[in-house]
Amino acid sequence: MVLLDTCALVWWSLGPERLSAKARETCNNIKIEGAIISSISIWELGIKLRKGKLEINISLEEYVKRLKQLGTLEIIPVDETIWLKNLSLDWTHRDPADRTIVATAQLKNVPIITKDDLIRGYYGEPNSLAIH
């Protein structure tokens, strides 16, 4: 099981060729092992769509509906436990979505698939918990 950050989610679901070889290999196991995303990724996608920084060719509502129908991807709601973990991270990064994604991965004890250098840097080197 892995957590897909927002970009990894979009690439896995709409353009898997954009994933690195290692991330693609890991994502190939999602049908068997499952994956999770933070619900904050839905919010982040909505912001990117609204600003014209992303195009998915369907409504966000339809996209989320299709994700849910996969049966192998769980959308984790952001609750008070995740917010408290977010606030307690020993990390100066201020992006609430990134902090929430990291907090969710830590609480669920799963690695993150991400291209984000700041998230990958949080885990240090070697980067065993953040797959690029």
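The values are calculated or read from the model by the stated rules, or taken from the named source; none is laboratory data. Computed from a prediction, not measured in an experiment: that's the story for all the values here. Quick reminder, even Gly has a Cβ in these numbers, built from the backbone with ideal geometry, and neighbours come from all protein chains shown.
The lone criterion from (1) surrounded by 14 or more Cβ atoms within 10 Å (Cβ to Cβ); (2) under 21 Å from R120 (Cα atoms) left unmet by L14 is number (2).
Close contacts from segment 90-116, counting a first residue that is farther than 18 Å from I76 by Cβ and a second that is of a type in the set (F, W, Y), with Cβ to Cβ under 8 Å and a gap of 6+ residues or different chains, come to W91/Y122; H93/Y122. Is it fair to say K22 is surrounded by fewer than 17 Cβ atoms within 10 Å (Cβ to Cβ), part of a helix (DSSP H, G or I) and in contact with a strand residue (DSSP E or B) (Cβ under 7 Å, 6 or more places away or on another chain)? Judged against the criteria, K22 is a match. Residue count for segment 13-42 satisfying the condition of being small (G, A, S) and farther than 22 Å from Q106 by Cα: 4. Scoring Y63 on the criteria (1) within 19 Å of R120 (Cβ to Cβ); (2) at pLDDT 95 or above; (3) aromatic (F, W, Y) leaves a single failure, condition (1). Take the conditions (1) more than 27 Å from G121 (Cα to Cα); (2) in contact with a His (Cβ under 7 Å, 6 or more places away or on another chain); R99 misses just one of them, which is (1). Where in segment 28-132 are the helices (runs of 4 or more DSSP H), entirely inside, with at least 1 residues that are surrounded by fewer than 13 Cβ atoms within 10 Å (Cβ to Cβ) and among the small types (G, A, S)? Fully inside segment 28-132 and qualifying: 80-88. Answer yes if at least one residue in segment 5-20 is among the basic types (K, R), without any contact (Cβ under 8 Å) to a residue 60 or more places away in the chain and closer than 22 Å to D117 by Cα, and no otherwise. Within segment 5-20 (the criterion being among the basic types (K, R), without any contact (Cβ under 8 Å) to a residue 60 or more places away in the chain and closer than 22 Å to D117 by Cα), the answer is yes, since at least one residue qualifies. Pull out all pairs, ordered by first then second residue, where Cβ-Cβ is under 9 Å, the residues are six or more apart or on different chains, the first lies in segment 46-74 and is on the phi > 0 side of the Ramachandran plot, and the second is in a loop (DSSP other than H, G, I, E, B). Qualifying pairs under 9 Å: G71/G34.
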